[in-house]
Amino acid sequence: MATGADVRDILELAGGDNDSGPISKKDIINSDKKKAKKVTETLTFKRPEGMHREVYALLYSDKNRDAPPLLPSDTTQGYRTVKAKLGCKKVRPWKWMPFSNPARKDGAIFHHWRRAAEEGKDYPFARFNKTVQVPVYSEQEYQMYLHDDGWTKAETDHLFDLCKRFDLRFIVIHDRYDHQQYRKRSVEDLKERYYTICGKLTKVRAGTGTEPKIYIFDAGHERRRKEQLERLFSRTPEQVAEEEYLIQELRKIETRKKEREKKAQDLQKLITAADTTTEMRRAERKATKKKLPQKRETEKPAVPETAGIKFPDFKSAGVSLRSQRMKLPSSVGQKKIKAIEQILTEQGVDLNPMPTEEIVQMFNELRSDLVLVYELKQAYSNCEYEQQMLRHRYDALLKAGGAVTPQSESSGAPDSQSWLGPDDIKTEAKEQIIDVVGAPLTPNSRKRRESASSSSSIKKVKKP
C-alpha cells in the first residue's frame with residue numbers, strides 16, 4: 001500500500017513535519033506556498049591537491065543539484081522545471097455575445113465567444129478597415145478646371161462613384177462600368193481620367209508657396225507594356241526555341257571575345273619578355289667583354305632571367321648539387337616538357353649533360369629559348385586562325401550586304417588580302433552582327449598542323 005511519502009514523491013510535493021502520515025487535502029491545496037526548508041547538514045569535501053577547479057566542479061557532491069549532462073542540451077533549463085504550473089484561481093468567464101462590424105453598412109449582427117469583461121467594447125478587427133479617400137469636386141470646379149471634350153460630367157460622376165464604391169479597384173470598376181449608356185472605355189482610360197482630375201484638384205487646392213506631390217499616370221506606357229506582355233504570352237514554341245538559340249549564340253560570341261582579348265594580352269607579354277631578354281643578353285655580353293680574364297675565372301657568371309622558363313636560384317646555405325639547377329620548375333606544363341625533349345632528341349642533344357657551370361647556364365638558356373619559340377609559334381597560329389575567321393566573316397558580310405566582292409585573292413600571303421577599312425569596322429561594330437559563319441580551319445586541325453611542323457620550325461629558328 002502506498003504511503004503519504006510515496007504520493008508526495010509522485011506529485012513532487014514538499015514533505016511536511018510528519019512524513020509518515022497520510023496525505024491530506026491541505027497538502028494538495030497549499031502546495032504552491034513557500035515552505036520553510038529544513039536545513040540539513042551536507043557533507044563538504046575539500047578539493048584534492050593537484051586537481052583543477054573545473055574538474056572538481058564536475059563531481060556530483062550536492063543532493064539538490066543534478067548530475068552534469070552527458071550530451072549537450074538545447075535548453076538552459078532541465079526537464080524538471082519545464083512543467084505546467086496549475087494554480088487554484090478561478091478561470092475568466094467567456095460569454096456568447098452579439099457584435100457588429102463597423103465596416104459594414106447594412107447593420108448585420110453576428111455572434112461569437114468573448115470574455116465577459118470585454119462586453120460592450122468595439123470589434124477589435126475594425127481598425128483594419130481602411131478606405132480610400134476619393135476627392136469630391138463641385139460644379140464650379142468642374143467647369144473651371146476639370147472640363148474635357150472627351151468626357152461628360154455625368155460620365156465623370158459615374159466614374160468617381162464607382163471608384164468610391166470599389167476602393168480604386170480598376171479591374172472591378174471596368175467590369176461594373178455602364179458601357180451601354182456611356183462610351184466604351186479601357187482600364188487605362190479610366191485610370192488616366194481619374195488621376196488627371198486628382199492631380200488638378202490637388203494643385204488647385206494647394207496653398208500658395210507650396211509644391212504638392214502630384215501622381216502622374218502614363219497611359220501610353222501602360223498600353224505598350226500590356227501589348228508587349230501580350231506578344232510575349234502569345235509566342236509560338238518555334239519562336240521561343242529561336243530566342244533561346246540566339247541567346248546561346250550571343251553567350252558563345254561573348255566567350256570567344258574574352259578569349260581573343262586574353263590571347264592578345266598573352267601575346268603582348270611574350271613580345272615584351274622577348275625584347276627584354278634580348279636587351280639583357282646584349283648588355284651582359286658588353287659587360288663580359290670589358291671584364292678581365294682573371295675576374296672571369298673567379299666570379300661566377302650570373303644566370304640571366306629568361307622569358308621562357310624562370311629557373312630558381314640556389315642561394316641558401318648548405319651543400320647542393322649543380323645538377324639541381326637544370327631541373328625544370330613545376331610551372332612548366334607537361335606539353336612543353338615533352339616538346340622540349342622531342343626537339344632535343346631530334347637535334348642530338350643529351351637530355352642530362354655534364355653539369356658544369358658553363359654547360360648548366362647554356363643548357364638552361366637553350367631550353368628557355370625553345371619554350372619561348374614554342375609559345376610564340378602557338379600565338380602565331382592563334383593569330384592566323386583568327387585572321388581566317390575574320391576573312392570568312394568579311395566575305396559573309398559582303399554577300400549579305402549585296403556589295404561587290406573585292407579583288408580575288410591570288411596568293412595565300414597576308415599582303416595580298418583585302419582588309420576592312422576604318423569606316424567599315426566602325427559600321428560593323430555598330431550593327432552587332434552575330435558571327436554564325438563556320439571557318440574551314442578548326443582548332444583541332446590547327447593543333448595537328450602545329451605538331452607536324454614543330455621540329456622543322458625550331459630548326460629554322462636555331463640556325464646561326
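Between region 351-388 and region 165-200, what is the separation of their alpha carbon centroids in Å?
80
Around residue 102, under 15 Å between beta carbons, what's the net of Lys plus Arg minus Asp minus Glu among the other residues?
It works out to a net charge of +3.
Rounded, prolate or oblate: pick one for region 122-263, where a ≥ b ≥ c are the square roots of the eigenvalues of its C-alpha gyration tensor, a/c under 1.5 means rounded, and failing that, prolate if a/b is larger than b/c, else oblate.
prolate
What FRET efficiency do you get for residue 248 and residue 342 if R0 is 56 Å and r is their Cβ-Cβ distance, rounded to the nearest 0.05?
Efficiency for this residue pair is about 0.90.
Over region 116-237, average the accessible area per residue using a 1.4 Å probe and give it in Å², no decimals.
Per residue, region 116-237 has 74 Å² of solvent-accessible surface.
If packing is taken as the average count of other Cβ atoms within 10 Å, what order do 150-163, 118-131 fall into, highest mean first?
Packing proxy ranking, top to bottom: 150-163, 118-131.
Based on the mean of other Cβ atoms within 10 Å per residue, sort peptides 333-341, 188-196 so the most packed one is first.
Those peptides, ordered most packed to least, come out 188-196, 333-341.
Give me the distance between the Cα centres of region 92-149 and region 226-292, rounded to whole Å.
67
Across region 395-400, in residue order, what do the Karplus-derived ³J(HN,Hα) couplings come to in whole Hz, using 6.51 cos²θ - 1.76 cosθ + 1.60 with θ = phi - 60° and x for Gly and Pro?
4, 5, 5, 5, 5, 5
Please list, by residue number, everything in region 364-390 whose backbone N is under 15 Å from a paramagnetic label point 7 Å out along Cα→Cβ of residue 269.
372, 375-376, 379
I need the shape label for region 131-203. Rule: rounded when a/c is under 1.5, else prolate if a/b > b/c, else oblate, with a, b, c from the alpha carbon gyration tensor.
Values: a/c = 1.79, a/b = 1.25, b/c = 1.43.
Oblate, since a/c reaches 1.5 and b/c is not below a/b.
Packing-wise, with mean Cβ within 10 Å as the measure, how do 109-115, 373-379, 204-210 rank, highest first?
Packing proxy ranking, top to bottom: 373-379, 109-115, 204-210.
The values are calculated or read from the model by the stated rules, or taken from the named source; none is laboratory data. Computed from a prediction, not measured in an experiment: that's the story for all the values here. Quick reminder, even Gly has a Cβ in these numbers, built from the backbone with ideal geometry, and neighbours come from all protein chains shown. When the accessible area is computed, the model is the full protein with side chains, heavy atoms only, and any ligands, DNA or RNA have been set aside. Shrake-Rupley method; radii C 1.70, N 1.55, O 1.52, S 1.80 Å.
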